[in-house]
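Report on one structure; see the data block that follows.
The values are calculated or read from the model by the stated rules, or taken from the named source; none is laboratory data. Remember, predicted model here, so these are calculated numbers, not experimental data. Don't worry about glycine lacking a Cβ; one is built from the backbone with ideal geometry, like all the others, and counts go over all protein chains shown. Just so you know, the surface numbers come from the protein's heavy atoms only, side chains and all, with ligands and any DNA or RNA stripped out. Shrake-Rupley method; radii C 1.70, N 1.55, O 1.52, S 1.80 Å.
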Amino acid sequence: MKKRIINILSNSNYESRKTTSNLISLLSSKDFFPTTTFDENAELTICVGGDGAFLKAVHKNNFPQIPFVGINTGHLGFYQEISPENIELFIDDYIAGRYSVEELKLVGAEVFTKNRSYILTALNEIVLKAQHSKIIHINVYVNRNSVEKFSGDGILVSTPSGSTAYNFSSGGSIIHPSLDVLQMTPISPVNSAAYRSLPSSIIVPGNHIISLIPEKRYSNSNLLLVDGSEYFFSNLKKINLKLSNKSIKKLLFSQDSYWDNLKNKFL
């Protein structure tokens, strides 16, 4: 009989360690084989912690196709549907197949420098800013159509599932994860006699290409944030962004959890 392996990826806080220990005991009693390292042959990955732990787990393991489910021992936990006190119910529901599989879309960026290009992927958002918190000027195109010359702190491009994160804090809209779109949100846009920038976010079809071309002076003073991780590229020319061909799968145990999360986390 094939071993039913389950990955348990956890952060290091006390509540997470205690929850992980409880999970290992309960899963083992149900004839599963839990492991706290990532096994590519696992049927499920359980992420214990908050949204930061979830993001770290998907990035560290290169956006695997093994489904994820989150147990929330953090503060916000928008990706973390299960509470620690409901672990036994979660395991029973999983065994009985009482869940659906949700596909979370990713944003992909191709970064062009003077000599080569790089591919970056994010679950929540990718942000282009200037270093040292300076203002940045960016020429913005959608499918090669000039949209604006942006001036401000930066431009954020988020996925639907990431719309409730940095995007929402920057005044962007909340978008349901089922929609195949990206959201382009200005961060502190400048509107003056000298500069005119769109003050609100734009919803862009996921198969359209958003091109961000910083002015030449930022080719060596740029900062790219990919789900919070910082990158710098020398001789930066252009960044093309669109919905990635990759995605990750997340188990959903309640069809109402998204709306419950919105109300409980933000109101």
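Computed values, structure above
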read-out: Extension reserve of the Asp256-Glu15 stretch, reckoned as 0.36 nm per residue once the Cα distance is removed; value: 84.2 nm
read-out: Accessible area in the full protein assembly, largest first, 1.4 Å probe, for Tyr14, Tyr141, Tyr79; value: Tyr14, Tyr141, Tyr79
read-out: Projected label distance in nm at Gln131 and Lys114, using a 7 Å step from Cα toward the beta-carbon; value: 1.5 nm
read-out: Gain upon complete extension [Ser25, Leu179; 0.36 nm per residue less C-alpha separation]; value: 51.6 nm
read-out: Accessible area expressed per residue, the chain, with surrounding protein chains retained (probe 1.4 Å, Å²); value: 50 Å²
read-out: Table column - 3J(HN,Hα) (Hz), region 211-227, Karplus curve with 6.51, -1.76, 1.60, x for Gly and Pro; value: 10, 10, 10, x, 4, 3, 5, 9, 5, 10, 9, 9, 9, 10, 9, 10, 6
read-out: Pair-distance profile P(r), taking every C-alpha pair of the chain, with 10 angstrom steps and integer %; value: 7, 29, 30, 20, 11, 3, 0, 0
read-out: For region 123-134, Karplus couplings with θ = phi - 60° (6.51, -1.76, 1.60), whole Hz, Gly/Pro x; value: 8, 9, 7, 10, 10, 10, 9, 9, 6, 6, 6, 7
read-out: Inter-site label distance for Lys238 and Phe63 at 7 Å from Cα along Cβ, in nm; value: 2.1 nm
read-out: Charge tally in the Cβ shell below 12 Å around Arg116, where Lys, Arg are +1 and Asp, Glu are -1, Arg116 excluded; value: +1
read-out: For region 233-246, 3J(HN,Hα) per residue [Karplus equation, 6.51 cos²θ - 1.76 cosθ + 1.60, θ = phi - 60°, Hz, x = Gly/Pro]; value: 10, 7, 6, 5, 10, 7, 10, 9, 10, 7, 4, 6, 6, 7
read-out: Where Ser117, Ser16 fall by accessible area, highest first, once all protein chains stay in place (1.4 Å); value: Ser117, Ser16
read-out: Euclidean distance of C-alpha centroids, region 164-225 and region 111-126, integer Å; value: 16 Å
read-out: Sequence-distant residues sharing a close amide H with Ser10 (under 5 Å, placed H); value: Val48
read-out: Solvent-accessible area, 1.4 Å probe, carbon plus sulfur percent, for region 5-98; value: 49 percent
read-out: Label-to-label distance, nm, for residues given as Glu230 and Glu85 (7 Å Cα→Cβ offset); value: 4.0 nm
